[in-house]
1. Can you list the DSSP H helices in the chain whose Cα atoms extend at least 24 Å along the helix axis and whose mean Kyte-Doolittle hydropathy is -0.5 or higher?
2. May I ask you to list the GluC sites (Glu not before Pro) in the range 1-102 that are in a DSSP loop and have at most 15 other Cβ atoms within 10 Å of their Cβ?
3. With a cap of 16 neighbouring Cβ atoms within 10 Å, and only residues DSSP puts in a loop, list the trypsin sites (Lys or Arg not before Pro) found in the range 152-214.
4. Can you tell me the relative contact order of the chain? Whole percent, Cα pairs under 8 Å, sequence separation 6 or more.
5. With the contact rule set at Cα under 8 Å and sequence spacing of 6 or more, what percent relative contact order holds for the range 18-115?
6. Cα atoms only, the range 148-203: Rg and Dmax in Å?
7. Quick one: what are the phi-derived ³J(HN,Hα) couplings along the range 29-38, Karplus 6.51/-1.76/1.60 with θ = phi - 60°, whole Hz, x for glycine and proline?
8. Quick check of the Kirkwood formula: for the range 3-83, what is the inverse mean of 1/r over all pairs of different Cα atoms, in Å?
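FYI, it's all coordinate maths here, none of it is from the lab. Every value quoted in this text rests on a predicted model; they were computed, and no experiment measured them. Here the Cβ positions follow ideal geometry from the backbone for every residue, glycine too, while neighbour counts run over all protein chains shown.
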Amino acid sequence: MLTVHHLNNSRSQRIVWLCEELGIDYTLVHHQRDAETLRAPDSLRAVHVLGKAPTIEHDGQTIIETDAIIEYICQVCAGGRLSRAPSAPDYGQYLQWLAFSEGTLFPGLGVDLIYAWTGGGNAVFMSFFEVEITKNHQYVEAALTDQAYLLPSGFSAADINLGWSLEFSEARGRTKALPAIQAYLARLRARPAYRRALERGGPQDLSVFSAGVV
Ligand SMILES: N[C@@H](CCC(=O)N[C@@H](CS)C(=O)NCC(=O)O)C(=O)O
């Protein structure tokens, strides 16, 4: 049995959404952020020493890192559905987009949030990340301009990974001038599995991360 450890208002919402898209059986364990610090509770550190969400348990293994968890669930629990096989023409693109959310898009957004939380003060430091944040969002905007999903072959687990990061971008006020990203988010949110996932894993309120957004 697959157990998904989920922290409220967090990227582990993606794993709940993935399981709902795949229609697989899973046990969902809810963990609640500290209302003031927003950090994970001790209950999550009891599952894994780093206390991070998502964490999954399956067949005696405890696994962290969203990208790894997504691919593990698709391959081991769902026969490769929503992933792409190495023989697929867009396998490389699939891997790229799967890794892009956590590897490239999110780090700048995380710095942006912590900068706002801590009152800023070093504009030269932040200007480095501003350039990256803008460039990354424009790259996604261009990729989605003539395409419903990231891959020409249709919806994949990479859309789930990127979708949540873009919801975070939206909460940070970063999607206002990006119509293709806005339309993409609307498309993702209209998916029945997205809605089921919110019923099971939510409610989700990413405005808790909107510090400094005007
Ligand atoms: N790179 C990791 C990041 C995991 C992570 O930082 N998760 C956040 C939730 S969005 C967390 O657990 N925060 C609570 C804390 O650090 O106390 C992944 O992709 O899973």
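1. 123-144
2. Filter output for the range 1-102: Glu36, Glu65.
3. Answer by residue number: Lys176.
4. Answer for the chain is 24 percent.
5. 14 percent
6. Spelled out, the Cα radius of gyration and Dmax of the range 148-203 are 11.4, 32 Å.
7. Listing the rounded values in order: 10, 8, 10, 10, 4, 4, 4, 8, 8, 6 Hz.
8. The answer is 12.8 Å.
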